[in-house]
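Below you'll find the structure, written out as structure tokens, and then a few comments.
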Amino acid sequence: MSPAIGSQPLTEDDILKVKNAPRVYRNETREKPLADDFMYAFKYNFPLPTHGQNTDILDIPADDEKNKQVIAEDFLKKLEQIIQAGDSKKFADLFLDTGVWRDKLVFGWEYRSFNTPKRIEKAASDLFPRTPTQNYKFIDPAPSVERPYPDIAWLQIVYAFDTDIVNASAVLNLIKTESGYKIWTLHTVIEGLHDYPEVPNKDGHMVGDKSWHKQRIEEDNLNGVEPEVIVIGGGQCGLQITARLKALGVTTLIVERNKRIGDNWRNRYEYLSLHLPHWGDHFPYFPFPEYWPTYTPAGKMGDWLEWYASALELTAWTDSNILAATKKPTGEWQITVERGTGEGKYVRTFHPKQVILATSLAGVPFIPEIPGVEKFKGTVRHSSQHDSSREWVGKKVLVVGTSSSGFDTAYDFARRGIDVTLLQRSPTYVMSLDASVPRMIAPLYEPKGHKIPDMDTTDRLAYGLPTGPAEELFRRTAEDIWNADIELLARMEKAGFKVWRGQRDTGQQTLAYTRNGGFYFDAGACKSIIDGNIKIEQGYPVRFTEDNVVLNGEREQKYDLVILATGFSNTVESIRSIFGDDIANKCNPIWGIDEEGELNSAWKLSGIPNLWLMVGSLQHCRYHSKKLALRIKAILEGVAKEPYLE
């Protein structure tokens, strides 16, 4: 038996074909899977401030690197004086022409990015007079010179300061120029509220006449209690924002439709493990213990969510549904909840001041309309309804779609020797864990000797760069990963699978914020494709007959099972299903990048007053839940300032 095509020796042409992929797309010899501007309105892409290219940008010399603490102290003192004086012109003059000031809820009380000195000066002139600052001081990590590539270097400074309302942190990145150090990026971020710190721990002594379990039941029942916030969805997003709010003394109710917390992970296909190491996924107040598996199984993650809710004593009504969610003309919410108790159901109506939708990364399952599906004798199901390949041994299976769930599902069939075909409509970004993890996650989040890095400190750095500079750097990182994976990718192409470098040539970086998918971290499926254990077809289904699936080009094949790994609708459709058309139609888009480099409405103003969207990966949940919880607490206490939207 001859070896599968993908495992045959590679030629130089095979390698060059993949290595030159961006030029292939730009020459329009192959249609791009996704336009550069899809859900991407950002207008301030500038080259990296590299030295040695006939500019006034300089490398940081050895003497400066040796004296970096002194340089940092002098610059921070100057910055403090200028901000405290309210001198917006001098503040803007500190920046490179391509500089960016990004602010999260410190000065502008919204997620904002001010690109170029002109816009920085305008924002500073409006915001400095209303935001007095003091107590500037260095925090971990100490000032450092960062050199990710030989032609770029910056002095990184992390510091804390206070306004009249909030505790804040900042990451300041300085570039050496012929006229001295200039700010490339400044990121100011809310860290706490002066007058509303997190509540102290309970004493815990059992001095009353009720057991702890009875106390918890009574607390969860909310008899006579109106929660200030209702969180719809009890997955990682809902739990983490609720934990943050509880720590701030905000009464919060989670409404979860599944029978148990964690079922959103527990009920997924049994083969699933998280595609990236758990190092960056720790939950606030309750990190994963030592010896936690590097790649968390989905079932274990489901149990962890349940443990988390129990350990932090979060009030979560499971097996419960939102029957009605309306806003009165006064702006007050009215939320009617049907609660399941295990012994029946009953209905309560609440009037929360704030509502958070935390149902998922995306919306509802997207199931394409394919003619003839109703008469097909085989089985058709969405990947979200599929749990295992066990019952399909000896059958023929078609998996439609090549994002992570499509790969995982096909691999689950292949590892049991089941005849499976993966149907690909457009090229997919693929990366190996060996190439991506050391470049993307390990430098900041990997534990050293079982010691977990401080997540607040690490997150400040991980989220420290605004969109423009981060994209330019990640385009280089994506190229490094691509080149490290070149043999894998060439073999995938040889096997008939089409790859690309991702939207805007940034790998998964931009795709994660625009499509919320469209890429795959290889967890085993690539080898099965290369070895021929997963067959590849290009195209899409056009109709079903009683026995067969007909693909474009009138290619007809018999399958017993068709899995539609076709993704999910926009999160707005989840809003529509709960709140109705009127509210959904007024919501801003959730994902996608706006003109200045912020997500359209995730974690920020949604377009509906007092409705917030808590979405994202485990790492995003931890980071952004803190910011959103502090914002909501400030609103509830009447100390939040008006969002700056100019």
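Coordinate-derived values only; no laboratory data. Owing to the predicted nature of the structure, the values given are computational and were not obtained by experimental measurement. Positions of Cβ are generated from backbone atoms using ideal geometry, with glycine treated the same way; all protein chains shown enter the neighbour counts.
Across the cross-link table entries Lys604/Lys633; Lys137/Lys633; Lys246/Lys627; Lys68/Lys118, which are compared at the Cα atoms, the separations over 21 Å belong to Lys137/Lys633; Lys68/Lys118.
For the chain, the share of DSSP beta bridges that are antiparallel, to the nearest 5, is 55%.
Here the simple spin-label model places points 7 Å from the Cα toward Cβ, and for Gln557 and Arg390 these points are separated by 2.7 nm. Shape summary of the range 258-374, radius of gyration then Dmax from alpha carbon positions: 18.2, 53 Å. Between Leu222 and Ser310, the contour length at 0.36 nm per residue exceeds the Cα-Cα span by 30.0 nm.
Taken over the alpha carbons of the range 561-618 as equal point scatterers, the Debye sum produces base-10 log I(q)/I(0) values at 0.19, 0.21, 0.23, 0.24 Å⁻¹ of -0.72, -0.84, -0.95, -1.01.
Taking amide hydrogens as placed 1.01 Å from N in the peptide plane, the amide H of Gly616 sits under 5 Å from those of Leu361, each at least 5 positions away in sequence or on another chain.
If you take the Cα centroid of the range 169-220 and the Cα centroid of the range 245-305, the two points sit 20 Å apart.
Per the Kirkwood formula applied to alpha carbons, the range 62-193 shows a radius of gyration over Rh ratio, Rg over Rh, of 0.95. Loop-resident chymotrypsin sites (Phe, Trp or Tyr not before Pro) (DSSP state other than H, G, I, E or B) in the range 574-646 with no more than 12 further Cβ atoms inside 10 Å of their Cβ are absent. At full extension, His213 and Ala62 could sit 48.1 nm farther apart than now, given 0.36 nm per residue minus the alpha carbon distance. Where does the Debye-calculated log10 I(q)/I(0) of the range 373-564 sit at q = 0.18 Å⁻¹, using only Cα point scatterers of equal weight, no solvent? Normalising to I(0) and taking log10 leaves -1.18. Rounded to the nearest 0.05, the FRET efficiency derived from the C-beta distance between Glu73 and Ala35 at R0 = 45 Å is 0.45.
Per the Debye calculation on the chain with a single equal scatterer at every Cα and no solvent contribution, log₁₀ I(q)/I(0) for q = 0.06, 0.09, 0.11 Å⁻¹ amounts to -0.37, -0.83, -1.22. Put simply, the convex hull of the Cα atoms in the range 36-126 casts, on average, a shadow of 8.1 nm². Dividing the mean sequence gap of close Cα pairs (under 8 Å, 6+ apart) by how many residues the chain holds gives a relative contact order of 19 percent. Panel order for His275, His620, His194, by other beta carbons found within 10 Å of each beta carbon, from fewest to most: His194, His275, His620. Scalar couplings 3J(HN,Hα) for the range 92-99, obtained by applying the Karplus form with A = 6.51, B = -1.76, C = 1.60 to θ = phi - 60°, are 5, 5, 6, 8, 4, 4, 9, x Hz; x denotes Gly and Pro. Legend: distances between Cα atoms for Lys300/Lys328; Lys43/Lys176; Lys300/Lys641; Lys19/Lys182; Lys32/Lys375; pairs beyond 32 Å are Lys300/Lys328; Lys300/Lys641; Lys19/Lys182; Lys32/Lys375. Computed from the alpha carbon positions, the gyration tensor of the range 440-514 leads to an equivalent ellipsoid with semi-axes of 28, 17, 9 Å, biggest first. The share of C-alpha pairs in the range 126-280 whose separation exceeds 19 Å stands at 74 percent. The 3J(HN,Hα) values that the Karplus relation (6.51, -1.76, 1.60; θ = phi - 60°) gives for the range 269-283 are, in residue order, 4, 5, 6, 5, 10, 4, 7, 10, x, 6, 3, x, 9, 4, 8 Hz. Gly and Pro appear as x. Modelled spin labels at Lys586 and Asp456, positioned 7 Å past Cα toward Cβ, are 3.7 nm from each other. Once the chain from Arg348 to Lys259 is taken as fully extended at 0.36 nm per residue, the excess over their C-alpha distance is 30.2 nm. The residues Arg266, Arg504, when put in order of fewest to most other Cβ atoms within 10 Å, stand as Arg266, Arg504.
Here's how it looks for Val380: its modeled amide H is under 5 Å from those of Val562, which are all 5 or more places away or on a different chain. Counted by neighbouring Cβ atoms within 10 Å, the residues Asp480, Asp103, Asp209 run from fewest to most as Asp209, Asp480, Asp103.
Its relative contact order, with pairs defined as Cα atoms under 8 Å and 6+ residues apart, puts the range 373-564 at 38 percent. For the range 62-193, what's the relative contact order in percent, using C-alpha pairs closer than 8 Å and at least 6 residues apart? Across the range 62-193, relative contact order equals 24 percent. Note that the range 517-534 has calculated 3J(HN,Hα) couplings of x, x, 8, 8, 8, 4, 10, x, 5, 4, 4, 5, 5, 4, 7, x, 7, 10 Hz, one per residue in order, obtained from phi through the Karplus relation 6.51 cos²θ - 1.76 cosθ + 1.60 (θ = phi - 60°); glycine and proline are x. Sites listed here are trypsin sites (Lys or Arg not before Pro) in the range 343-387 whose DSSP assignment is loop and whose Cβ has at most 13 other Cβ atoms within 10 Å: Lys377. Here Asp303 and Thr55 are evaluated by their C-beta separation; at R0 = 56 Å the FRET efficiency comes out at 0.55. Amide H to amide H distances under 5 Å link Trp154 with Glu146, where only residues 5 or more positions off or on other chains count and H is placed in the peptide plane. If the Kirkwood radius is taken over C-alpha pairs of the range 518-604, then at 4 °C and 1.567 mPa s the Stokes-Einstein diffusion coefficient equals 75 µm²/s.
Label positions at Asp87 and Val199, each projected 7 Å from the Cα along the C-beta direction, are separated by 4.6 nm.
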